[in-house]
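Chemist: Quick one: the structure is below, and I'll ask about it shortly.
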Amino acid sequence: MDSPSGVVGKAAALLRALSSGTDTGVSTTFLAKSTGLPRATAHRLLETLAGEGLVDRDGQTGGWFLGPETYVLGMAAATRYDKTSEARESVHRLAHESGESAFFSVRRGDETVVLIREDGDFPIRSHVLYEGARFPLGVVSAGLAILAHLPSREIDTYLARADLTRNWGPHHTEAEIRAHLSDARRNGWALNPGHVVAGSWGMAAAVFDNAGRPEAALTLTGIEQRFGTERQPALGRLLLQEAHQLGRRA
């Protein structure tokens, strides 16, 4: 990613990178690389954030984590932004009825962030998505579903500045993305035919807010053989039904 500008932008980039970290924490070197910051700058900012309780460091492994203050701030913001309580029911039904892995993601700027995951009973899993994972709009089915329902001018502006092929490969050219967006608008749901990890497919439907803007998405993922053309309509109807109900509840 491009290096963020300004101290606040750099600190925010580090916090976002930490939000998708592992249970064992992430290293300073990894955070510097993922945010485009010099390692010395990343380390200095992490130490400052640690002093405010926004990040924490394991004294034995040296791995960085989000700090306790982020939990407090998140709880304070939950009354305005949290949709997970309503979404959890939809994710559970999707996983139970389809047998696949089901997810709820929200839009944050030019990205989607996975907040909820539940696996169905089919024994083979797809591990492209996980709680905390972030992807640019237009990457993975949730990002396609949300982008497809934005106003045309916003889509044009975003695709003009986004360089998705550099980080996500040749299937993410503007022409291919626009083709997927057209399909998503026609079908109501978006399809990612293994373009992030070969053999791992996903389908998603956008969840709209009261103003009619796509603010989130429900997703089903699994192996390619489970997402053939004969099954896609049924999975699509299931996603659209849950997305519509969730939008009304939220």
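Chemist: If you roll a 1.4 Å probe over region 94-250 with all protein chains in place, what percent of the accessible area is carbon or sulfur?
Modeler: Working: 3560 of 7140 Å².
Whole-percent figure for carbon plus sulfur exposure: 50.
Chemist: Related question: Calculate, in nm to one decimal, what Phe122 and Arg108 gain on full extension: separation in residues at 0.36 nm each, minus their alpha carbon distance.
Modeler: On the way: separation 14, 0.36 × 14 = 5.04 nm, distance 3.07 nm.
Result for the pair: 2.0 nm of gain on full extension.
Chemist: For region 87-236, just say rounded, prolate or oblate: build the C-alpha gyration tensor, square-root its eigenvalues into a ≥ b ≥ c, call rounded for a/c under 1.5, and beyond that prolate if a/b exceeds b/c, oblate if not.
Modeler: Details: a/c = 1.61, a/b = 1.35, b/c = 1.20.
The shape class here is prolate.
Chemist: Per residue Cα convex hull volume for the chain, in cubic angstrom?
Modeler: Numbers: hull volume 34.0 nm³, N = 250.
About 136 Å³ per residue, rounded to a whole number.
Chemist: Please find, in a Gaussian network model of the chain (springs between Cα atoms separated by less than 10 Å), the residue of Ala216, Ala76, Ala13 whose mean-square fluctuation is greatest.
Modeler: In this elastic network of the chain, the residue with the biggest mean-square fluctuation among Ala216, Ala76, Ala13 is Ala76.
Chemist: Using a 1.4 angstrom probe with every protein chain in place, what is the largest-first accessible-area order of Ser141, Ser152? Before the final figure, lay out each step's value.
Modeler: On the way: Ser141 5, Ser152 85 Å².
Heavy-atom accessible area, descending, gives Ser152, Ser141.
Chemist: How do Val8, Val114 stack up against each other in accessible area, from largest to smallest, with a 1.4 angstrom probe?
Modeler: Values: Val8 120, Val114 5 Å².
Ranking Val8, Val114 by accessible area, largest first, yields Val8, Val114.
Chemist: What accessible surface, in Å², does a 1.4 Å probe find on His171, ignoring ligands, DNA and RNA and rounding to the nearest 10?
Modeler: Accessible surface of His171 is approximately 80 Å².
Chemist: While we're here: Might you tell me the accessible area per residue for region 155-250, computed with a 1.4 Å probe and given in Å²? Intermediate values should be presented prior to the final figure.
Modeler: On the way: 4780 Å² over 96 residues.
Per residue, region 155-250 has 50 Å² of solvent-accessible surface.
Chemist: Per residue and in cubic angstrom, what volume does the convex hull of the Cα atoms of region 98-155 have? Each step should come with its number before you reach the end.
Modeler: Working: hull volume 4.2 nm³, N = 58.
Taking only Cα atoms, region 98-155 has a hull volume of 73 Å³ per residue.
Chemist: What spacing in nm lies between the two simple spin-label points modelled at Ala50 and Thr29, each 7 Å away from Cα in the Cβ direction?
Modeler: 1.8
Chemist: In the full protein assembly as shown, how much of Asp156 is accessible to a 1.4 Å probe, in Å² to the nearest 10?
Modeler: Here the accessible area works out near 70 Å².
Chemist: Need the full-extension length gain, Val7 to Ile223, defined as separation in residues times 0.36 nm minus the C-alpha distance. One decimal, nm. List each step's numbers first, then the result.
Modeler: Numbers: separation 216, 0.36 × 216 = 77.76 nm, distance 4.20 nm.
Extra length from Val7 to Ile223 when fully extended: 73.6 nm.
Chemist: Hey, another quick one. What's the FRET efficiency of Asp156 with Asp58 using the Cβ-Cβ distance as r and R₀ = 51 Å, to the nearest 0.05? It would help to have the intermediate numbers written out before the result.
Modeler: On the way: r = 45 Å, r/R0 = 0.87.
Plugging the Cβ-Cβ distance into 1/(1 + (r/R0)^6) gives 0.70.
Chemist: Next up: ³J(HN,Hα) across region 143-160 via Karplus (A = 6.51, B = -1.76, C = 1.60, θ = phi - 60°), whole Hz, x for Gly/Pro?
Modeler: Karplus-based 3J(HN,Hα) across region 143-160 equals x, 6, 5, 5, 4, 4, 9, 7, x, 4, 5, 5, 4, 4, 5, 5, 5, 5 Hz.
The values are calculated or read from the model by the stated rules, or taken from the named source; none is laboratory data. All values derive from a computational prediction rather than experimental measurement. Every residue, glycine as well, gets a Cβ built from its backbone with ideal geometry; the counts of neighbours run over all protein chains shown. We work out accessible area using only protein heavy atoms, side chains counted, and drop any ligands, DNA or RNA first. Shrake-Rupley method; radii C 1.70, N 1.55, O 1.52, S 1.80 Å.
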